[in-house]
Amino acid sequence: MPGIICPSCGLENQVGSNFCSSCGTDLRHDDMTSETPAISVVNDLDAIDRSAFGPHEGLFVVTQGPKSGARYALDGDTVTLGRHPESDIFLDDITVSRRHAEVRRDGARYRVRDVGSLNGTYINRDRIDEQELHEGDELQVGKFKLLFVFGTGEI
């Protein structure tokens, strides 16, 4: 009998497995999260539907990790990312600190800041303490990679 193929790493797991034995991806199909699926090719900035976002509203699209394809609007002045269930962007994986990072909006600009995580916060593969986000930047928090999209793309 064929096993369950992990959508993240491709490993064949035993039937009835809830999580991938290699990468830890959730293999259950009853995901209770409310993320909106994004697009099939999330690395193509031109293919992302921005019609629901204002000209100065930021957005993250998860390009790697168990929530690949999920979209998160950066609609507050401060948006928290972490493994704590009360985080604005809840990333449930052991590679993510409970309070990992935060994104602050100042007008039409967004800055990401590491808030004392153990594994660090990275923008475009460079470890940062704090840095401004630009269209197309890749934010890495644990094993999650999030593509930063800036509203309608008009600055």
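The values are calculated or read from the model by the stated rules, or taken from the named source; none is laboratory data. These numbers were taken from a predicted model, which means no experiment stands behind them. Using ideal geometry, Cβ is built from the backbone for each residue, glycine included, and neighbour counts are taken over all protein chains shown. Side chains included, ligands, DNA and RNA excluded: accessible areas come from the protein's heavy atoms. Shrake-Rupley method; radii C 1.70, N 1.55, O 1.52, S 1.80 Å.
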If we scan region 20-42, do we find a residue that is modelled with pLDDT of 75 or more, of a type in the set (Asp, Glu) and within 25 Å of residue 118 (Cα to Cα)? yes
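Residues checked against (1) in contact with a strand residue (DSSP E or B) (Cβ under 9 Å, 6 or more places away or on another chain); (2) of a type outside the set (A, V, I, L, M, F, W, C); (3) over 29 Å from residue 27 (Cβ atoms):
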{"position": "86", "(1), (2), (3)": "yes, yes, no"}
{"position": "95", "(1), (2), (3)": "yes, yes, no"}
{"position": "104", "(1), (2), (3)": "yes, yes, yes"}
{"position": "108", "(1), (2), (3)": "yes, no, yes"}
{"position": "124", "(1), (2), (3)": "yes, yes, yes"}
{"position": "131", "(1), (2), (3)": "yes, yes, yes"}
Determine which member of the set 115, 79, 96 is out of contact with any Ser or Thr (no Cβ under 7 Å at 6 or more places or on another chain) and open to solvent by 20 Å² or more (accessible area, probe 1.4 Å). 115
Please indicate, with yes or no, whether at least one residue in region 111-125 is at pLDDT 95 or above, part of a strand (DSSP E or B) and closer than 18 Å to residue 71 by Cβ. yes
Say whether the condition of being free of Cβ contacts under 8 Å to residues at least 60 places away in the same chain and open to solvent by less than 50 Å² (accessible area, probe 1.4 Å) is met by at least one residue in region 129-139. yes
